[in-house]
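To keep things clear, I will list the structure first and then write my remarks on it.
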Amino acid sequence: MDILTQINDFLTGSLGPFGPLIAVGMLGVIMVLVTVPMLLNQPEDPLKKLKKSANAAETKGKPKKERLRQAGRNEQLDRFATFLEPQDQEELSSLQLKLRQAGYMSKDSVRLYTFAQFALGIIGLIIGFTYTILLGHGDDMDTQKKMMYLLGPGGVGYMLPKYWVTRRVDERKEKITQGFPDALDMMLVCVEAGQSLDQSIIRVAKEIRASFPDLADEFQIVSHEMKAGKDKERVLRDFGTRCGVQDVSSFVTVMIQSQSFGTSIAEALRVYAGEMRDKRVMRAEEAANKLPTKMTLATMTLTVPPLLIILVGPSANGISNLGNMSE
């Protein structure tokens, strides 16, 4: 008991009132860091190894693209599926949709995202502990400030993947919005030339890849799903959901209605493509009209102080000289 009392007194004196709790937390982090590599280096299950060899023998003579398309999940991450994937199906679907809207189409995207949050959070805690405790910068801090420096980097590391994915979603939506009017014009040309909607989508995906790769990937997914025999209406609705852009969702609605009522797809595309061109012009005009307002503050900050110095400076200097002369 004396040893425990001495350890408690030492931790309390070094780390403050929450010293024992901080020590227990860091001990848990160290145990996790030691345990995870040991689990990842476990020997492979013989049955899985035999199955893997059989699958490799079957796919040996197949083209490379086909083998890649049939590739399964990462076995290392598959061991921790319970911890790296939300157990709620609705939450899992929402996270998968968000990652797909960010451009991450891999089967392991959710697991990698969760693992990145976990790993960066642990690294942040280690950095906070090193800066505050090991380097001694927290000796003069109060308890609240010390806890902030200890746990703050961990919280930042945990939220960093979420911020990155959200930023990627916004950037990808912006790129899709910019390229969609040109894609519609090209699709209209293909349809009027006699190609079907499926063929025009394949052609558009090939032609716009150099300028708008994100939109080309989405069109390519649509073409693959149509080739696989999936219902066309369902494919188009999934296309609109994956992109998350209002213009694409409206296009999907127009195509579905045109197919349902038996109207001409070329006529519907012509009308909608014209609307998209007008909408793009309106966006450009809106951005141009916002520019003077945004530049007003910067202009005033950069021009008013020098102007005041030029106008008021000589007068102030003259007044100062008159005062000196009168004295």
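The values are calculated or read from the model by the stated rules, or taken from the named source; none is laboratory data. All figures in this text were calculated on a predicted structure; none of them were measured in a lab. Cβ coordinates were reconstructed from backbone atoms using ideal geometry, including for glycine residues, and neighbour counts include every protein chain displayed. To get the accessible areas, we keep the full protein, side chains included, count just its heavy atoms, and leave off ligands, DNA and RNA. Shrake-Rupley method; radii C 1.70, N 1.55, O 1.52, S 1.80 Å.
Quick notes
- Only one of the listed residues (131, 104) is at pLDDT below 90 and closer than 27 Å to residue 85 by Cα. That residue is 104.
- Filter result for residue 310 (surrounded by 11 or more Cβ atoms within 10 Å (Cβ to Cβ) and not aromatic (Phe, Trp, Tyr)): no
- Subset of the range 197-227 (residues that are of a type in the set (Ser, Thr, Tyr) and within 18 Å of residue 271 (Cα to Cα)): 200
- Helices (runs of 4 or more DSSP H) enclosed by the range 81-129 - at least 2 residues per element that are touching a residue at least 24 places away in the same chain (Cβ under 8 Å) and more than 16 Å from the chain's Cα centre (by Cα): 81-84, 109-129
- Residue 169 being open to solvent by 90 Å² or more (accessible area, probe 1.4 Å), modelled with pLDDT of 90 or more and assigned to a helix (DSSP H, G or I): no
- Residue list for the range 208-217, filter: buried (at least 17 other Cβ atoms within 10 Å of the Cβ), free of Cβ contacts under 8 Å to residues at least 40 places away in the same chain and in a helix (DSSP H, G or I): 216
- Within the range 145-157, if we keep just the residues that are open to solvent by less than 60 Å² (accessible area, probe 1.4 Å) and under 19 Å from the mean Cα position of the chain (by Cα), the residue that is farthest from residue 96 (Cα to Cα) turns out to be 155.
- Residue, nearest to residue 102 (Cα to Cα), within the range 112-144, restricted to residues that are surrounded by 18 or more Cβ atoms within 10 Å (Cβ to Cβ) and not hydrophobic (A, V, I, L, M, F, W, C): 113
- Which numbered condition residue 298 fails, given (1) within 30 Å of residue 194 (Cα to Cα); (2) at pLDDT below 80: (1)
- If you go through the range 221-262 and keep only what is more than 27 Å from the chain's Cα centre (by Cα), open to solvent by 20 Å² or more (accessible area, probe 1.4 Å) and of a type in the set (A, V, I, L, M, F, W, C), you end up with 226, 228, 254, 261.
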